[in-house]
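These notes are about the structure you will find just below.
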Amino acid sequence: MWRGCRRLLWDRSLPIWFPRLPSTAAGSGPAGPCGRRAYAPPGERKRFYQNVSISQGEGGFEINLDHRKLKTPQAKLFTVPSEALAIAVATEWDSQKDTIKFYTMHLTTLCNTALDNPTQRNKTQLIRAAVKFLETDTLCYRVEEPPALAELQKNEWDPVVDWAEKRYNVTIGSSTSILGPNIPASTKETFISHLASYNMWALQGIEFVITQLKSLILSMGLIDRHITVEKAVLLSRLEEEYQIRRWGKVEWAHDYDLCELRARTAAGTLFVHLCSESSTVKHKLLQD
């Protein structure tokens, strides 16, 4: 019962910030709080452009849909800090077929969130929000029953927790109590100091990955390249996978959820890496 309650604690959805399409392609929604217009993006729409390209402007790299420049939901010029990230975003737009499926464009969404900052948080607030997830980290909550699941958690999760403790020189631990483990203040301060080395864009990506995996520990292991996306997702779904093996799975539903989680986690991790490196590429990948 308490494990179900704990899952509710993790259901903190980040703002989904879809792109503002150029010119007449932009949509408008109903008026929101304080008289502001709330953007209500369609889940899908017909593709209206033929070519996607990138160009370098004063603020960074821009995305061009034919001759029009992409903008954010708040009508800011869509500008990213590195050419590699621009190419990755442009590839998302170029890979859309007859229909633009906004819900598949995770890099674009993350860029919009970084540019518009809809929650108006500063770097310190982003860092503390990420570290707070450690208090309800999936890997820290264990079961006593059934014994098979308890053993599975120990065998699969303990090595990752041990790695994190050694990597960051901290104490994390685990607990079977609904209150979870008592995370030392020194451990939190260590993670705060580590996350402070990332820029604002990368921190947005880190928080996105954490919300997917329900774990700061798994997220840092993934971003530090200690584990793969597939492994991180499997470990985050360990209890669910155990139940599936025991009771079977709902046709299509579980496979769809798994693929979606992998896609979001991979996109978030790539976003962090591309935002953490200041680099350009010599040859454009999007050429006829």
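Inspection of the range 80-101 identifies no residue that is in contact with a helix residue (DSSP H, G or I) (Cβ under 6 Å, 6 or more places away or on another chain) and open to solvent by 40 Å² or more (accessible area, probe 1.4 Å). For beta carbons closer than 8 Å, sequence separation of 6+ or different chains, a first residue in the range 242-270 that is touching a residue at least 24 places away in the same chain (Cβ under 8 Å) and a second that is of a type outside the set (Phe, Trp, Tyr) and exposed (fewer than 15 other Cβ atoms within 10 Å of the Cβ), the qualifying pairs are TYR242/ALA148; ARG262/GLU230. Quick check: is even one residue across the range 57-65 at pLDDT 95 or above and either among the basic types (Lys, Arg) or farther than 21 Å from GLN204 by Cα (or both)? Yes, the conditions are met somewhere in the range 57-65. For the range 167-259, the helices (runs of 4 or more DSSP H) that sit wholly inside it and include 2 or more residues that are of a type in the set (S, T, N, Q) are 185-195, 200-213. Among the residues in the range 194-214, are any closer than 26 Å to PRO146 by Cβ and either surrounded by fewer than 16 Cβ atoms within 10 Å (Cβ to Cβ) or of a type in the set (A, V, I, L, M) (or both)? The answer is yes; a qualifying residue exists. Taking the range 139-155 as the range and being among the hydrophobic types (A, V, I, L, M, F, W, C) and open to solvent by less than 10 Å² (accessible area, probe 1.4 Å) as the test, the residues that pass are LEU139, CYS140, LEU149.
Of the helices (runs of 4 or more DSSP H) lying entirely inside the range 42-148, those containing at least 1 residues that are out of contact with any Lys or Arg (no Cβ under 8 Å at 6 or more places or on another chain) and more than 30 Å from ALA185 (Cβ to Cβ) are 83-94, 106-116. Comparison of THR136, THR108, THR113, THR104 shows that the only residue that is of a type in the set (Ser, Thr, Tyr), in contact with a helix residue (DSSP H, G or I) (Cβ under 7 Å, 6 or more places away or on another chain) and surrounded by fewer than 21 Cβ atoms within 10 Å (Cβ to Cβ) is THR136.
Yes or no, residue by residue, for (1) in the same structural domain as VAL272 (by the TED database); (2) at pLDDT below 50; (3) among the β-branched types (Val, Ile, Thr):
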site: LEU8; (1), (2), (3): no, yes, no
site: ILE16; (1), (2), (3): no, yes, yes
site: GLY29; (1), (2), (3): no, yes, no
site: LEU70; (1), (2), (3): no, no, no
site: PHE78; (1), (2), (3): no, no, no
site: TRP93; (1), (2), (3): no, no, no
site: LYS97; (1), (2), (3): no, no, no
site: THR109; (1), (2), (3): no, no, yes
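Out of SER174, SER219, SER236, one residue alone is crowded, with 16+ Cβ neighbours inside 10 Å and either at positive phi or in contact (Cβ under 8 Å) with a residue 60 or more places away in the chain (or both). It is SER236.
The values are calculated or read from the model by the stated rules, or taken from the named source; none is laboratory data. Worth saying up front: this structure is predicted, and the values here are computed from it rather than measured. No Cβ is skipped: glycine too gets one built from the backbone with ideal geometry, and neighbour counts run over all protein chains shown. Note: areas computed on protein heavy atoms with side chains; ligands, DNA, RNA excluded. Shrake-Rupley method; radii C 1.70, N 1.55, O 1.52, S 1.80 Å.
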